[in-house]
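First comes the structure, then the notes that go with it.
Coordinate-derived values only; no laboratory data. No experiment lies behind these values; they were computed from the predicted model shown. When we count neighbours, we look across all protein chains shown, and the Cβ atoms used for this are built from the backbone with ideal geometry, even at glycine.
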Amino acid sequence: MKRFDILEHTADVGIVAYGKSLKEVFENTALGMFSLIVDPRTVRERVCYDVRVENEEKEDLLVEWLNELLYIFEVNKVVFKKLKALRLKDERFLEAKACGERIDLRRHQFEIQIKGCTYHELRVEKDKTWRAQVIFDV
Amino acid sequence: MADYLEKLTPCCYKIPKTHKQGMLVPGIIYVDDKLLRLVEADKALEQVINVAFLPGIVKASFAMPDIHWGYGFPIGGVAATDVKRGAVSPGGVGFDISCGVRLLKTNLEARQIVPLLKDLMHELSRNIPKGVGRHGRTKLNRREMEELLLTGMSWGLKRGYAWDEDVLHVEEKGCLAGADPSKVSERAFERGHDQLGTLGSGNHFLEAQEVVGIYNDRVAEAFGLFKGQLVVMIHSGSRGLGHQICSDYIKVMNKVIKKLDLELPDRQLACAPVSSSEGKDYYAAMACAANYAMANRQFLTYWTRRSFECIFKKSARELGMSLLYDVSHNLAKFENHIVDGKEMRLCVHRKGATRAFGPNLLPKDSPYRNIGQPVIIPGDMARASYVLVGMAESENEAFSSTCHGAGRLMSRSQAKKMIRGDQLKKELAEKGLIIEAGHASLLAEEAPGAYKDVSMVVDVCDGAKLSKKVVKLRPLGVLKG
């Protein structure tokens, strides 16, 4: 199963992610986001962070999750390649593990800077499988 | 052409208020037929319509000639709300709060410095951190950060990063009133404390440019610009601090929307009444980001001057490196304007649009009080950039606003598919351009072909009397993150 696609946008860029479960679609959206920032093949798994986020609806929870990762990325200078949603409760609370390594400018080639996740055309929906869409400001 | 559009003049189209239920004002789009065809290719017009739903919006939901699809607001959107009953929307400012441009002058002739250009660009690149994951030369502690957020450019002046007269040549004299660091989250502090003096990435840049054309001798002379002159343009914003403030407050506004049971056509338009505590808190935090952005561009200026001194073996003062102007293009500001014959206090959101005050609206101590405010319009890295001037008549249009750049034509991935970065670099080098950029694919994303021709855009600004052309600039050396 394909994990995500890049969504074309004139000025910015988005991700459409897929998953058999809501947990999986959260993982894949984050993976998609980091793939836009840096080639995940150049990232090793050296450090892991425990992430806990909470919000009122699944769409808001997705933005919260992605923003949390962007914050850790910028402040701790860590890029992620493995995102694991451990526990998801009532579509409002997520506990996850994010693994990657500290930025090494000799090995990591940065593609874009993501300034933030927008709510524009934000979607988290289920047909047979889950699908999430988010547009980033770059 | 969409059937709901009405052509008002050759440079202006209207979307009537009756087009969609819920629109509080009409949409006004400043484009000519050619630009309109480009605008209709994406969802920008739909966003002009959506902004017309913003509570308390007056006159119209405006779009500047470089309008393109954004998130919530279109890029190039201008919306003013009544401060008494209207809303302030973080989406109407964007993540890069107070992203803006400044132009530094020199008394050098571009043709004379060609042999030193490569060394100059290299020195600038050495002194100015650019790109993702890079921190600045200074790390600020909590107390210094608070002072910086409160006082903006004065912070830099006190520490020797600015000249006394620099402050007079910046919008709001380098300090937007109403800033309150206690409304800025700990996370925003963390993200901003080591990024001062960094250029950033994406469309941010520093360029050495040459004045190649003069459209208005009188104003060019008053601005101290002459043909053949070497100038430096700097485009950057409030970095991670501003991004975090925007994310923090959209979350706050989402709660306000629920509480007030407001229905908006796009969640990114989330807002709060200007007079509510949430609205006031956002404005106070946003003003902190604006002060950070202006100080950041000052810090970049300081290192630009130092780099010039190193290469030309003269002081920056001897090199005539004074500031023409610094103006933001992502900001909400309180301004007084005439609406339906009455003066009103408004919260003017400019998202990818530049304030362009004519002489009438500038403060008495402004050096441009008799001329109008310089408007700096960056183009793409190969063709051109412009300096325009604000005009009194433009107050009757979109609250004295004008475009902010060329506007993108192609998405980033489309540009990467169609343009090869290494080939582009070669082509530009053959034209004599010196480029210091992160890597090839980044260059492809920002390729000239990915943008509209800025000359078409400024011609419409001029034609629609939003601002008047003064000089045309050509890039010589480019620094990109």
Equivalent ellipsoid, the stretch A:4-137 (semi-axes from 5 times Cα gyration tensor eigenvalues, Å): 22, 17, 13
Rounded to the nearest 20 debye, dipole of the protein assembly as shown from Cβ charges on Lys, Arg, Asp, Glu: 1220
Per chain A, cysteines lacking a partner by the 4.7 Å Cβ criterion: A:CYS117
Ranking of B:TYR71, B:TYR215 by count of other Cβ atoms within 10 Å, fewest first: B:TYR215, B:TYR71
Summed side-chain charge close to B:ASP217 - residues other than B:ASP217 whose Cβ falls under 15 Å, Lys, Arg +1, Asp, Glu -1: +4
Charge dipole of the stretch A:4-137 about the Cα centre (unit charges at C-beta), most positive-ward option of A:ASN28, A:ILE114, A:VAL124: A:ASN28
Cα gyration tensor, the stretch B:139-205 - rounded (a/c under 1.5), prolate or oblate: oblate
Inter-part distance where the stretch B:309-382 and the stretch B:83-132 are each reduced to a Cα centre, Å: 14
Fewest-first ranking of B:SER394, B:SER238, B:SER322, using other Cβ atoms within 10 Å as the exposure measure: B:SER322, B:SER394, B:SER238
Distribution of pairwise C-alpha distances over chain B, 20 Å bins, in %: 26, 60, 14, 0
Cβ-based exposure ranking for A:THR129, A:THR10, B:THR81, in which fewest neighbours within 10 Å come first: A:THR129, A:THR10, B:THR81
Cα radius of gyration and Dmax for the stretch B:306-461 (Å): 19.3, 57
Dipole-positive endmost among B:ILE435, B:ALA392, B:CYS347 within the stretch B:331-481 (Cβ charges, Cα centre): B:ILE435
Of every Cα-Cα pair in the protein assembly as shown, the percent that sits beyond 32 Å: 44
Euclidean distance of C-alpha centroids, the stretch B:413-481 and the stretch B:229-302, integer Å: 27
Lys/Arg +1, Asp/Glu -1 at C-beta; the protein assembly as shown dipole; positive extreme among B:ALA270, B:PHE334, B:MET286: B:MET286
Electrostatic dipole magnitude of chain B [Cβ: Lys, Arg +1; Asp, Glu -1; Cα centre; debye, to 20]: 680
Reach of B:LYS468 by Cα under 25 Å, taken over lysines that are not fewer than 8 positions away in the same chain: B:LYS7, B:LYS14, B:LYS34, B:LYS59, B:LYS105, B:LYS173, B:LYS227, B:LYS333, B:LYS351, B:LYS364, B:LYS452
Residue mean of other protein chain beta carbons inside 10 Å, B:409-418: 3
